[in-house]
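Some notes on the structure that comes next.
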Amino acid sequence: MSTEEGFASLAGKCALVTGAGRGIGRAIALELARAGAWVVCNDIDPRTATETAARIHLEGRGAFPYAADVSDSEAVRRMVQDVVAATGRLDILVNNAGIEPSSPILETPDEMWDRTMNVNLKAVFLTSRAAGQVMRAQGGGAIVNVASIAGVRTPLALRAHYCASKAGVYGFTKACALEFAAHNIRVNCVCPGVIITPMTAKARRTPEIMARWQQEIPLGRLGTPEEVARVVRFLASDEAAYVTGQAYFVDGGKAMH
Ligand SMILES: NC(=O)c1ccc[n+]([C@@H]2O[C@H](COP(=O)([O-])OP(=O)(O)OC[C@H]3O[C@@H](n4cnc5c(N)ncnc54)[C@H](O)[C@@H]3O)[C@@H](O)[C@H]2O)c1
């Protein structure tokens, strides 16, 4: 089945998107909903999660907000249980929630390291375990993790904790794909480059950084959340039925070298 736009429909599928209150996560939630999925919009911020779900409703699509901290094991277990109780299934999981605090390694407190690892990496394990159990029982599913070129190819100064967490997501994606293949669950990740979201707002206000980025990015511009969302939608859909354990760079060519 395909949508009006011609790509594979997600009609009848239930998707859980973490960190869906703004930025890339909101764009992913909207993109999956437009493709026909029923979308659970998770965020730690209940107000923004509700706003995203409301935007989806305005377009005549199905969604509901779910406030939870994805680094909290019990909260994640409950969230997945509630999603299945409400919709009867869970077909797509998008692990997008992330934080990017900045600090030189020599001054980084333990708490910042731990929080970054817990939100960016441990949460991916927690949600994959909980959702994977549901998908296994259902006979299949698709998981898409949002990593970063910063974890794989282009490290960022003052963000060693962030880079390490995203390298972890990259490795976890592949190991998870290997294990989950037997359950017909595909697991892939996207590695965005520099995307126009609140996360990059401060850096985008600095002319020297913008000039450097424009020079470093072969396509000569920053990416939009929608450009990442379209690749996530592809990976989550049956169009990518034979794709698993892969990392898709959505970065205007920044990390191709
Ligand atoms: N913007 C970029 O240039 C860029 C580049 C590479 C990768 N990424 C990754 O893409 C993802 C989305 O980034 P963004 O730019 O949209 O960021 P953002 O800061 O604009 O949005 C992140 C969202 O995640 C939510 N969140 C944070 N901690 C959470 C938690 N514990 N539980 C649930 N939700 C939580 C936030 O409330 C927020 O709504 C992140 O994983 C980020 O690391 C972003």
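Computed from the coordinates by the stated procedures, all read-outs in this text should not be read as laboratory data. This is a predicted model, so every value here is computed, not measured. No Cβ is skipped: glycine too gets one built from the backbone with ideal geometry, and neighbour counts run over all protein chains shown.
Would you work out the charge dipole size for region 16-171 about its Cα centre, treating the Cβ of every Lys and Arg as +1 and the Cβ of every Asp and Glu as -1, and quote it to the nearest 20 debye? Before the final figure, lay out the partial values.
Values: 16 positive and 15 negative charges, 101 e Å.
Value, rounded to 20: 480 debye.
For region 66-223, just say rounded, prolate or oblate: build the C-alpha gyration tensor, square-root its eigenvalues into a ≥ b ≥ c, call rounded for a/c under 1.5, and beyond that prolate if a/b exceeds b/c, oblate if not.
Values: a/c = 2.15, a/b = 1.76, b/c = 1.23.
Prolate is the answer for region 66-223, as a/c is 1.5 or above and a/b outweighs b/c.
Projected onto the charge dipole of region 1-114 (+1 at Lys/Arg Cβ, -1 at Asp/Glu Cβ, origin at the Cα centre), which of A53, I99, A35 gives the Cα projection farthest towards the positive end?
Checked the options; the winner is A35.
At a Förster radius of 22 Å, what calculated FRET efficiency corresponds to the Cβ-Cβ distance of R78 and Q133, to the nearest 0.05?
Calculated transfer efficiency: 0.95.
Whole-Hz Karplus ³J(HN,Hα) for region 167-172, in order, using 6.51 cos²θ - 1.76 cosθ + 1.60 and θ = phi - 60°, x for Gly and Pro?
Working through the residues one at a time gives 4, x, 5, 4, x, 5 Hz.
On a full-extension model of 0.36 nm per residue, what is the gain between E179 and A86, subtracting their alpha-carbon distance, rounded to one decimal in nm? The partial results should precede the final answer.
Working: separation 93, 0.36 × 93 = 33.48 nm, distance 2.78 nm.
Net length gain for the segment: 30.7 nm.
What lysines does K174 reach when the alpha-carbon gap must be under 28 Å and sequence neighbours fewer than 8 apart in one chain are set aside?
Cα-Cα hits under 28 Å: K13, K122, K166, K254.
Zone of A201 (label point 7 Å along Cα→Cβ, backbone N under 20 Å): which residues in region 42-58?
Only 42-55 fall inside the zone, counting backbone N under 20 Å.
What shape does region 33-103 have by the C-alpha gyration tensor, where a ≥ b ≥ c are the square roots of the eigenvalues, rounded means a/c under 1.5, and otherwise prolate means a/b greater than b/c and oblate the rest? Mind dumping the intermediate values first?
Numbers: a/c = 1.95, a/b = 1.28, b/c = 1.52.
Oblate is the answer for region 33-103, as a/c is 1.5 or above yet b/c matches or exceeds a/b.
Label-point separation (nm) for E239 and D69, each offset 7 Å from Cα along Cα-to-Cβ?
It works out to 3.8 nm between the two label points.
Does anyone have the angle between helix 73-87 and the longest principal axis of the chain? Alpha-carbon axes, 0 to 90°, nearest 10?
The answer is roughly 40 degrees.
Can you classify region 216-257 as rounded, prolate or oblate using the Cα gyration tensor, where a ≥ b ≥ c are the square roots of its eigenvalues, rounded means a/c under 1.5, and otherwise it's prolate if a/b beats b/c and oblate if not? Don't skip to the answer; put the middle values down first.
Working: a/c = 4.03, a/b = 1.78, b/c = 2.27.
The shape class here is oblate.
If you take every DSSP beta bridge fully contained in the chain, what fraction is antiparallel? Give it as a percent rounded to 5. Mind showing how you got there, number by number?
Working: 1 of 28 bridges.
Roughly 5 percent of the beta bridges in the chain run antiparallel, per DSSP.
With just the Cα atoms defining each centre, how far is region 166-219 from region 48-74? Give it in Å.
For region 166-219 versus region 48-74, the Cα centre distance is 22 Å.
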